[in-house]
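In what follows, a structure is listed as structure tokens, so that the remarks can point back to it.
The values are calculated or read from the model by the stated rules, or taken from the named source; none is laboratory data. Just so you know, these numbers come straight off a predicted model, no measurement behind them. Glycine gets a Cβ as well: all are built from the backbone with ideal geometry, and neighbour counts include every protein chain shown. Just so you know, the surface numbers come from the protein's heavy atoms only, side chains and all, with ligands and any DNA or RNA stripped out. Shrake-Rupley method; radii C 1.70, N 1.55, O 1.52, S 1.80 Å.
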Amino acid sequence: MAAVKSFEVENPIETSLKGFALANPSITLVPEDKILFRQSDKEKVGLIAGGGSGHEPSHAGFIGTGMLSAAVCGDIFASPSTKQILNAIELLNENSNGILLIVKNYTGDVLHFGLSAERARALGIDCQVVVVGDDVAVGREKGGMVGRRALAGTVLVHKITGAFAELYSEKYGLDGTATAAKIVNDNLVTIGASLDHCKVPGRPFETELNDKQMELGMGIHNEPGVNVLEPIPSTEDLIEKHMLPKLLDATDKDRAFVPFNKDDDVVLLVNNLGSISNFIMSSIAAITTDLLEKKYGIVPKRTIVGTVMTAFNGNGFSLTLLNSSKCSKELQDKFSEIESVIDLINTPTDAPGWPIADFKNKSSPGVNHKILSGETKVKPVGQYDFDVVSKWMKAGAEQIVKSEPHITHLDTQVGDGDCGYTLVAGANAIVNNLDKLSKDSLSEAVTQISNVIEDSMGGTSGGLYSILISGFSHGLIQTIQKKDDPVTRSVVAKSLEIALDTLFKYTKARKGSSTLIDALEPFVKEFAASNDFHKAVKAADEGAKSTGTFSAKFGRASYVGDSSNVEDPGAVGFVEFLKGIESTM
């Protein structure tokens, strides 16, 4: 296969964001946090979206009146950190009446945006989260408790919810706006198809497909789809025989997420995954429209064609259908003023990425740097022995470093091979920042550790541990009566239970899912029951070993081949850290 040529630049994310801000003077860039935001209205709900870079114009391109108020950008295909998201919430909260976070259904995004909402509410900010999933390629059986992936239908949620917030949020508030977003999401289906993987800037091109193959249902991060098609069908056959049936076949119980009848009003969105020419995109829209009428008796009431949710230069496209009749009725039942969801789609917006945007230059808002420079503060409670905790952290980190090759080996079999490196980065960061921790209050020290992990680990592991440790801090605050009361084993036990309950709010993983939870939950429950650290470590170890006896239900391991004979690397890493602590006792 010939090498793939591409234009490469230094600091691609930073320069891309800067260029976007230069081209859109009504939008302000906060480069240190990769936040872009517009002037918002104090009487209306503000909308924030975001995620990994590489899907442009999503999400920054949909900042505008009648769409998003702000976007938070992560690294390439990686969620932004909780710190970034919380800063965006605080900036927007200055001139908004409540904040709605619209989040794509990917584990890292759900965890980080969820934790940000929790922290925002703790600061007294009215904030809610709506998780979007519209993909039908990964059906109910394969998707399981993870749910549908988020694809281009996310942008219709942005547009319709943004119009609702602009027109009706003064009356219906944050609750109403969140309800509208959920109704839209529940009436969306999307499937994509690509001739090959995309080329990620700064990395060599990698693909498992040969010249005679293509992928049906490929995700927006180069994830596998539902089928590899060989030979490559014509575009007409691809749409007629493979894509539309996945969207509309009511007998496919694994994928019939939304019912469609021939007399329903339907919105069609044809999305370019990155490198399809405008010429061919228009052809695809025409072919799809003809087949919808010919095969299903459906005539789209509104057709939108454009580049709205990409995977860099992905050589493919996606089709999204919104059952606007069903969606409109459900909206009317809640909000009497709304006659049709199509009216909300047609509401003007100046968002630069919207294919039919009416963009006008506006002055950009200033940045309140006092908000951005503030540290996370919590109620100080819990006297503790700093020297002992420091010894534990160092021993745990040392054990993680020793175990990294084994953890990495496990992750190369069931994940993307970075779990060991990520855990080492987090453990070392804790050790390197021990001298900066509060020595007087464990609740403050634990919150500081949560922030260190958030900044150093990234990915799903960083989000999980940051939420867990933040929950432990909240547990200490709830459990300890007086500021100077010592931290006892019973206090730790109760606080760990609260931490676990907090984590369970943002992941559906439970014992038996072949994840970190298989080690974490037994550890917490045993320590809560016995207050015996050694027994708790033994329970965690047994839980981690059990993950090598059943298949994963969450994370990348749930999408790969059989993982039932490989122990979960995250669970193993957690136990190794505990064993390091145990060695000092």
Charge-dipole axis of the chain as Lys and Arg at +1 and Asp and Glu at -1 on Cβ define it, positive-most pick from Thr320, Ala536, Phe205: Ala536
Size of electric dipole in the chain: Cβ of Lys, Arg +1 and of Asp, Glu -1, about Cα centre, debye, nearest 20: 720
Positive dipole terminus of the chain, leading residue within Ala71, Gly415, Gln448 (C-beta point charges): Gln448
Residue order for Thr320, Thr549, Thr460 - accessible surface, 1.4 angstrom probe, largest first: Thr549, Thr460, Thr320
For the chain, share of DSSP beta bridges that run antiparallel, in % to the nearest 5: 50
HN-Hα J in Hz across the range 71-77 - Karplus 6.51, -1.76, 1.60, θ = phi - 60°, x for Gly and Pro: 9, 10, 10, x, 6, 4, 6
For the range 458-491 and the range 50-105, distance of Cα centres in Å: 27
Relative packing of peptides 505-516, 434-445 - highest average C-beta neighbours within 10 Å first: 505-516, 434-445
Protein accessible area in the range 328-428, 1.4 Å probe - carbon and sulfur %: 50
Within straight-line cross-link reach of Lys535, aspartates and glutamates at Cα separation under 18 Å, skipping those fewer than 8 residues along the same chain: Glu497, Asp518, Glu521, Glu526, Glu576, Glu582
Dipole in debye (nearest 20) - the range 1-74, about Cα centre, beta carbon charges: Lys, Arg +1; Asp, Glu -1: 180
Hz values of 3J(HN,Hα) by residue in the range 346-353 - Karplus curve (6.51, -1.76, 1.60), Gly and Pro given as x: 7, 4, x, 9, 9, 4, x, x
Dipole axis of the chain (+1 Lys, Arg; -1 Asp, Glu on Cβ), positive-most option in Leu216, Leu496, Val157: Leu496
Overall form of the range 246-350 per C-alpha gyration tensor (a/c, 1.5; a/b vs b/c): oblate
Part-to-part distance (alpha-carbon centres) for the range 291-350 and the range 5-36, which is given in Å: 29
Per residue solvent-accessible surface (Å²) - the chain, probe of 1.4 Å: 42
With all protein chains modelled, accessible area of Glu330 [1.4 Å, Å²]: 60
The range 101-167 shape via C-alpha gyration tensor axes, a/c threshold 1.5: oblate
Relative packing of 110-119, 494-503, which averages over residues the other C-beta atoms within 10 Å, highest first: 110-119, 494-503
